[in-house]
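For reference, the structure discussed in these notes is given below.
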Amino acid sequence: MIQSDNRFTFIGPCSSLIRSAFRGRNAWVAVVLTVLGASMAVAADSGSGTSGAVEWPARAPVARPAAWAPDGALEQRARALLGRMSLEQKIGQMIQAEIRSASPEDVRDYHLGSVLNGGGSFPGGNARATVADWAALADRYYRASMTPDGDRPVIPVLWGVDAVHGHNNVYGAVLYPHNIGLGAGDDPRLVEAIGVAVAADVRRTGIGWAFAPTVAVVQDARWGRTYEGFGHDPALVARLGESFVRGLQGPPAASDQLGPDRVVATAKHFIGDGGTDGGTDQGDNTASEATLRDRDAAGYYSALAADVQTVMVSFSSWRGQKLHGNRYLITDVLKGRMGFDGLVVSDWNAISQVPGCSNASCPAAINAGIDMIMAPTDWKPLYKSMLEQARTGVIPMSRIDDAVLRILRVKLRAGVFEQGAPSTLIGKPRETFAAREADRQLAREAVRKSLVLLKNQGQILPLRRDLRIMVTGAGADNIPMQSGGWSLTWQGTETSNADFPGATSIYRGIAQAVAAGGGTATLSPDGSYSTLPDAAIVVFGEEPYAEGKGDLQDLGWSTRSPRDLALLRKLKAAGVPVVSVFLSGRPLWTNPEINTSDAFVAAWLPGTEGGGVADVLFAGPGGQRLHDFTGRLPFAWPASALPPRDSATTAFPVGYGLSLSATTSSPVALSEASGLTQVSRRSETVFYDRGPLSPWRVFLGDPMGWQTPLTATQAASASNYLAVTKIDHLVQEDALRAVWNGKGLAQIYLQSAGGADWTTLLKTPRQLAFSLKIKARPSATTILRMDCVYPCGASADITRLLKAAPTDQWLRVSVDLACFVKAGLDPRKVETPFLISTQGKLDLAVSYIQLEPVGAQRPTINCS
């Protein structure tokens, strides 16, 4: 950096990042990145990924209370506590268990340092648990952790939760736009205010730790977690990540930093999860070390400057090595050179992906620098193995003491030793939150600022409120769709509008706005009408998803969902002006839809306050503009459906976005050539991959009710003959465990209301394939069935297979599809591609259910 005429000129590999930071609203980002630039200029990116070949600057100085100093009272207290702890207590503190598998008594008996509830996990398994239910369970865990243990110290347990766009696991909570929308708004003040509101909601349920924010710098929008990132620009990620941490924890050295209405924040997922090749979830980031530092570390430097207390490690790899086993990056870089003195936590069962490790044993991850292991279900065998490894020196005591000291340090800073039972606020009962109006207005403001106007032909927007408006499209009156993943359930699926009390769908917001101006708004699910409307607002886009399930092979939307384009063209042909509102967790190729629309709005995933969309689409009662479009693209909008490396151009660049006063209304016509030679339609052949693929859904049935949907992480059939729970197979909750109790006939199945036509697929020999683990063999005949609108269907007796196959190991099972056709399956109308039923006892798990071509290896079950 050189200074000339009172202006700064930046040079070196970080120059554009530093310039962007200075243009932003947070001056400290520029200071941090200036330091980075100075060191990076002498370590330019040579393409080498050799560990240690690149300088990693220390974190910027942070204002802290005197007690937090290395020789301060808090640090002395932490060391004193550590000195009084037994080995069993220390190992317990290093484990974080899931509330479905760890009781308060377990917390007491094993000295567990933390519990968490995963996405779709609730007190008592009740998705509609009240705030009081959450707080009561938190109190039970807290009191169990405070049970006296002779002369040993008692250490309060700390509960963690993924509060990524609001307190999104809690029934009735306000859900804010996902980070991609906040990135489009690029308002650090607003993001910090959202962090404050989210922290308050989390604390009201008795929880003190939020696994947020995600500070991934996303490079490939095919990644299913793209919407969790703020954008493509490292400087944008840095300033908004810092703001979110300040909101959750409080500003560094402020009087309320980590106070009773704040929570411990987490910067995640360290490091480079947004830069994996092909946008593959849990994949490999092959960037050089300098790129990892310059690009992927930007959000961590900013989070550290906000004094973030915890960092979560990524499932992904860097240059072929799993991050959970990378001592260089965790210990040498993060804890050493960057100066992070908080605790490092693993992700959900991610230790099992480190070579030589399993969910129950991974000294390599602990020795690499992981301080706390997120072990949702296998924590008891992990506890046992860690004890043995500590006693034999496989895990050095110095490493254990360092990990526990960091855990104690964070707990002391968070005040959990003094604040008492979680349901209280310094001894006084906390107020519950029942959709506080101020939070709803804050979320509505965030929605307005997140919207990006890509086209406004003929200045059709803003619309007058006295018009006859038709609202249509799959997302028009669909709160789960506008909220996306991590909304009550992990994937955001298997919910309905009724699961979001107090929320406003986009249609409801439009209806309220139009009614106030003397117009009418009609909801038409299929786009039909009796009277020609003055304008149609078509709301469409992606169904909810989270990581893994959301990964794509290409960026095409028109190619995957032709029904939306058909609806737009039908309305256009009738002479109806069309305003498109596109819901998505990433930019997608929508050129045909943009061409067919008079106006096109990228609305991302706005959350529960759909009224914010109407605020910008419509003028005020007198025709004046109330709110303008201020959102700008945080990612480039693709010009084709090809993956980013194959597409040389973009339709709209990063930073693009029209305002209502703009004279430009977007290009007259965009190319409608997708660039694809083959269109991927996974749901035609894949039914269950980390969850059911739309339009397929999971149901349970017994004689008291044959269609009970699986709406959370666990469910039971109407007569309780069958219980189903989501469990881990290859990754988090990618399998279904089904337990029949033998008291009556029950079944688990996948079904689609519309059904599917397999006629074309069957021109190539196919087999139904699925992964299977047998926990307990069947006590009665067990049937595998396919239905073509019951009673049309065909079945196969799989009892002999289930009795002969080995137990407690995953197997791949396949059944020749020709057998089902010969037995009566009509391939033109398959509505149930997979069903298992029995009236006896049986315990098994299934995952990855799909149709596959019959290859060299013949099906496990043939027609004989």
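The values are calculated or read from the model by the stated rules, or taken from the named source; none is laboratory data. The model shown is predicted, which means the values in this text are computed figures rather than measured ones. Because the Cβ atoms are built from the backbone with ideal geometry, glycine has one as well, and the counts that use them run over all protein chains shown. Accessible surface areas use protein heavy atoms only, side chains included; no ligands, DNA or RNA. Shrake-Rupley method; radii C 1.70, N 1.55, O 1.52, S 1.80 Å.
What the table below lists for this structure:
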item	result
Residue match in the range 798-808 (condition: open to solvent by less than 60 Å² (accessible area, probe 1.4 Å) and in a strand (DSSP E or B))	no
Every residue from the range 155-178 that is hydrophobic (A, V, I, L, M, F, W, C) and outside any loop (DSSP other than H, G, I, E, B)	Leu158, Trp159, Val161, Leu175
Yes/no for Val581 being among the hydrophobic types (A, V, I, L, M, F, W, C) and surrounded by 22 or more Cβ atoms within 10 Å (Cβ to Cβ)	yes
Boolean, Ser145 is open to solvent by less than 10 Å² (accessible area, probe 1.4 Å) and more than 26 Å from Arg436 (Cβ to Cβ)	no
Filter result for Thr522 (more than 30 Å from Asp281 (Cα to Cα), at pLDDT 95 or above and in contact with a helix residue (DSSP H, G or I) (Cβ under 7 Å, 6 or more places away or on another chain))	no
Scope the range 243-257; condition open to solvent by less than 10 Å² (accessible area, probe 1.4 Å) and either assigned to a loop (DSSP other than H, G, I, E, B) or of a type in the set (Asp, Glu) (or both); matching residues	Gly250
Residue list for the range 851-864, filter: within 17 Å of Ala796 (Cβ to Cβ) and touching a residue at least 60 places away in the same chain (Cβ under 8 Å)	Leu851, Glu852, Val854, Pro859, Ile861
Complete set of residues in the range 56-106 that are within 30 Å of Ala297 (Cα to Cα), open to solvent by 60 Å² or more (accessible area, probe 1.4 Å) and free of Cβ contacts under 8 Å to residues at least 40 places away in the same chain	Pro61, Ala66, Pro70, Asp71
Selection count, the range 286-323, where residues are of a type outside the set (Lys, Arg) and more than 21 Å from Val161 (Cβ to Cβ)	22
Pairs with Cβ under 6 Å, 6+ apart, first in the range 552-570 and free of Cβ contacts under 8 Å to residues at least 12 places away in the same chain, second open to solvent by less than 20 Å² (accessible area, probe 1.4 Å)	none
Which numbered condition Gly183 fails, given (1) assigned to a helix (DSSP H, G or I); (2) of a type outside the set (A, V, I, L, M); (3) under 17 Å from the mean Cα position of the chain (by Cα); (4) within 29 Å of Leu412 (Cβ to Cβ)	(4)
Hits in the range 770-797 - residues which are over 28 Å from Trp758 (Cα atoms) and assigned to a loop (DSSP other than H, G, I, E, B)	Arg777, Pro778, Ser779, Ala780, Thr781
Of residues in the range 268-303 being basic (Lys, Arg) and under 16 Å from Thr214 (Cα atoms), the one most open to solvent (accessible area, probe 1.4 Å)	Arg295
Residue list for the range 476-488, restricted to those being of a type in the set (S, T, N, Q) and open to solvent by less than 10 Å² (accessible area, probe 1.4 Å)	Gln482, Ser483, Ser487
Single match in Ser352, Ser398 (criterion: small (Gly, Ala, Ser) and in contact with an Asp or Glu (Cβ under 9 Å, 6 or more places away or on another chain))	Ser352
Any hit, the range 815-833, residues being farther than 19 Å from Trp696 by Cα and assigned to a strand (DSSP E or B)	yes
Those residues of the range 614-638 which are open to solvent by less than 60 Å² (accessible area, probe 1.4 Å) and either small (Gly, Ala, Ser) or part of a loop (DSSP other than H, G, I, E, B) (or both), in sequence order	Ala614, Ala619, Gly620, Gly623, Asp628, Phe629, Gly631, Leu633, Pro634, Phe635, Ala636
Some residue of the range 499-507 being open to solvent by 30 Å² or more (accessible area, probe 1.4 Å) and under 18 Å from Gly166 (Cα atoms)	yes
Hits in the range 639-657 (condition: of a type outside the set (S, T, N, Q) and open to solvent by less than 30 Å² (accessible area, probe 1.4 Å))	Ala639, Ala641, Pro643, Ala651, Phe652, Gly657
Residues of the range 691-715 that turn out to be open to solvent by 40 Å² or more (accessible area, probe 1.4 Å) and either out of contact with any Ser or Thr (no Cβ under 9 Å at 6 or more places or on another chain) or not polar (S, T, N, Q) (or both), as a count	7
Qualifying residue in the range 249-272 (condition: touching a residue at least 24 places away in the same chain (Cβ under 8 Å) and within 25 Å of Trp637 (Cβ to Cβ))	yes
Positions within the range 110-134 being open to solvent by less than 10 Å² (accessible area, probe 1.4 Å) and either in contact with a Phe, Trp or Tyr (Cβ under 7 Å, 6 or more places away or on another chain) or outside any loop (DSSP other than H, G, I, E, B) (or both), in sequence order	Ser114, Val115, Leu116, Asn117, Gly118, Gly119, Gly120, Ala129, Trp134
Failed item, numbered, when Tyr749 is tested on (1) aromatic (Phe, Trp, Tyr); (2) open to solvent by 10 Å² or more (accessible area, probe 1.4 Å); (3) over 16 Å from Gly701 (Cα atoms)	(3)
Count - residues of the range 304-340 that are open to solvent by 10 Å² or more (accessible area, probe 1.4 Å), part of a helix (DSSP H, G or I) and either in contact with a Leu (Cβ under 8 Å, 6 or more places away or on another chain) or not charged (D, E, K, R) (or both)	5
Tally of residues being modelled with pLDDT of 90 or more and assigned to a strand (DSSP E or B) across the range 698-710	9
Some residue of the range 586-599 being part of a loop (DSSP other than H, G, I, E, B), open to solvent by 20 Å² or more (accessible area, probe 1.4 Å) and under 19 Å from Gly485 (Cβ atoms)	no
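Quick grid of which residues meet (1) open to solvent by less than 20 Å² (accessible area, probe 1.4 Å); (2) modelled with pLDDT under 95; (3) assigned to a loop (DSSP other than H, G, I, E, B):
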site	(1), (2), (3)
Ser398	no, no, no
Leu412	yes, no, no
Ala421	yes, yes, yes
Ala474	no, no, yes
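Table: residues versus (1) under 19 Å from Ser487 (Cβ atoms); (2) touching a Phe, Trp or Tyr at 6+ places or on another chain (Cβ under 6 Å); (3) open to solvent by 10 Å² or more (accessible area, probe 1.4 Å).
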{"residue": "His178", "(1), (2), (3)": "yes, yes, no"}
{"residue": "Ile194", "(1), (2), (3)": "yes, yes, no"}
{"residue": "Ala210", "(1), (2), (3)": "yes, no, no"}
{"residue": "Val217", "(1), (2), (3)": "no, no, no"}
{"residue": "Arg222", "(1), (2), (3)": "no, no, yes"}
{"residue": "Gly229", "(1), (2), (3)": "yes, no, no"}
{"residue": "His232", "(1), (2), (3)": "no, yes, yes"}
